[in-house]
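Have a look at the structure below, then the notes.
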Amino acid sequence: MAMSFAALAGFVVGALAVLFYRNQIEAPSRMATDDGVETGAALPQGVASVLAVLPSSAVVLDAHDRVLRASSAARAFGLVKGDRLMAAELLALARQVRRDGEIRESEIDVAGHKFGQETTNFAVRVAPLGSYGQVLVLAEDQTERRRVEAVRRDFVANVSHELKTPVGAMSLLAETIQDAADDPEAVSRFAGRMQLEAARLNYLIQDLITLSRIQGAEPIPTPGQVSIDEAIQDAIDHCNTKAAAKDIMLVTGGAESLRIWGDDELLVTALRNLIDNAVAYSPEHTRVVVSVRPAGDSVEISVSDQGIGIPEEALERIFERFFRVDAARSRATGGTGLGLAIVKHVAAAHAGEVSVWSKEGSGSTFTLRLPAFAGTAVPVQPSIPLETAP
């Protein structure tokens with residue numbers, strides 16, 4: 001992205017320089033200021049057209065830092081108001097370029113103008129235009145690119161950490177078993193721990209493989225009819241043992257015999273992750289309800305629990321890879337931190353979506369909304385989350 005912006009900026013600077021030079025030779029447009037200094041206050045023919053089609057923010061300043069031309073993007077981001085350039089760092093760069101005639105590049109942060117965004121990061125290039133002190137400023141919003149890069153760095157760091165934990169534990173357990181070779185009871189106990197760590201490592205690897213397969217939100221290569229009833233039953237079968245260990249009842253309800261068009265294995269994986277997550281964060285002797293209902297030309301599958309709930313400030317991040325509301329509790333439950341990210345990508349792969357309702361102390365409801373097979377149209381009924389038992 002940075003290289004493409006530099007290339008585009010170089011091309012634009014060159015093109016505008018040609019236009020300014022041609023204008024000075026063929027039809028110079030000079031204006032005398034109060035102090036007698038000539039400025040090319042009028043833009044050469046064609047410059048406005050070039051600036052208008054640029055995707056990045058573009059501003060042309062005159063010799064007195066007045067804005068001669070600004071793209072709509074520059075004004076939308078708040079870089080320009082009226083005829084003034086508002087970003088102090090950009091103005092300082094423009095003055096340096098005007099003094100020595102050298103092109104400068106930099107990165108700056110300005111106050112954000114998008115809802116929920118504190119700052120906007122720009123890659124900027126500032127270049128002289130013509131011989132009248134005019135300066136061109138190009139600024140490319142790279143906030144999203146930086147965010148994606150940060151997510152990738154965090155992902156690599158988290159994967160490394162998650163892999164290191166079970167591998168390190170297994171290494172220590174192996175040494176302990178070796179030292180306790182003459183104690184059958186200790187060997188048996190530590191071997192069981194090794195099996196748990198090996199299972200945790202296997203779950204993480206499987207989740208990484210699944211996430212890698214679907215994270216591009218590409219269409220499913222070989223979709224088919226998928227029975228919702230069968231997918232839910234398969235997912236419950238996977239989670240029964242863990243639920244039984246906490247005396248949590250897995251309950252199904254709602255409409256029956258509904259189908260979607262997609263991949264049955266992916267749907268089972270998504271439902272298994274939602275149910276497993278509900279069980280992990282629910283207290284003993286409660287219940288988890290899986291309900292189905294038609295909603296227009298879609299099918300909604302909801303998984304509701306009576307667990308600890310999710311803080312409101314964490315709801316926006318709950319589907320991020322490796323994001324944990326309570327890291328210590330998550331690792332204690334044996335989760336990989338990828339389950340809800342997988343659910344989100346499975347929904348996207350089916351041209352659907354996933355949403356969450358939650359209240360601390362009252363539980364959570366995750367709802368998968370997926371297109372129904374053959375676009376079955378059914379009147380929509382209001383969705384009511386599972387109420388907490390008294």
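Please treat every number below as a calculation from the coordinates, not as lab data. Quick caveat, the model's predicted, so the values are computed rather than measured. Please note: Cβ atoms are built from the backbone with ideal geometry, for glycine as well, and neighbour counts cover all protein chains shown.
Just a few scattered comments:
- Using the alpha-carbon positions of the stretch 148-287, Rg (one decimal) and Dmax (whole number) come out as 19.5, 59 Å.
- Ranked ARG287, ARG189, criterion: other C-beta atoms within 10 Å, fewest first: ARG189, ARG287
- For the stretch 143-214, the fraction of C-alpha pairs more than 20 angstrom apart is 48%.
- Considering only alpha-carbon pairs that sit under 8 angstrom and 6 or more positions apart, the relative contact order computed for the stretch 143-214 is 32 percent.
- 24 Å tail of the calculated P(r), the stretch 217-306, as % of Cα pairs: 21 percent
- Residue exposure sequence - ARG147, ARG369 - by fewest surrounding Cβ within 10 Å: ARG147, ARG369
- Förster radius 35 Å - calculated FRET efficiency between ARG213 and GLU107, Cβ distance, rounded to 0.05: 0.50
- Cut-off under 5 Å, modelled amide H: who pairs with ALA255 long-range: VAL292, ARG293
- For the stretch 280-292, putting each phi into the Karplus relation 6.51 cos²θ - 1.76 cosθ + 1.60 with θ = phi - 60° gives couplings of 4, 9, 10, x, 5, 6, 10, 9, 10, 10, 10, 10, 10 Hz, in residue order, rounded to whole numbers and with x for Gly and Pro.
- In terms of surrounding Cβ atoms within a 10 Å radius of their Cβ, THR165, THR365 rank from fewest to most as THR165, THR365.
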